[in-house]
Amino acid sequence: MYSRVAACSSEVLLAPVAILATDMSEITGEAAKQNTLAGRFATVAEVAKQLRVSNMTVYRLVKAGQLPAVRVGRGYRIREQDVVRYLESRYMDAG
């Protein structure tokens, strides 16, 4: 399955790119629907920058349960749609 390529007197294992492209093109139907339902994820720093607040503020929102997040390793990932939902819930009419 793997091909050996000699590069600078050391051997490197390379996976065939054609198989990867074929596997990615086979994502259709239910798998594609689940992939789009997951949405895009942002880091705490990206959300903080978008909201113009500190990272600690985002961490507090996550800990308080006001902003849903997924723990990935030592960090958190937050769905962009959850950020929009949080902002919509915090919207107030001025005047």
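Bear in mind these aren't lab numbers, they're just calculated from the coordinates by the rules spelled out. This one's a predicted model, so the numbers in the text were calculated from it and none came from an experiment. When we count neighbours, we look across all protein chains shown, and the Cβ atoms used for this are built from the backbone with ideal geometry, even at glycine.
By counting other Cβ atoms within 10 Å of each Cβ, how are VAL72, VAL53, VAL58, VAL44 ranked from fewest to most? Walk me through the numbers on the way to the answer.
Details: VAL72 10, VAL53 13, VAL58 25, VAL44 21.
Least to most surrounded, the residues fall as VAL72, VAL53, VAL44, VAL58.
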Revision key, fill the gap. Fewest-first ordering of TYR76, TYR91 by Cβ atoms within 10 Å yields TYR91, TYR76
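Taking K and R as +1 and D and E as -1, what net charge do the other residues with C-beta under 12 Å from the C-beta of TYR86 add up to?
0
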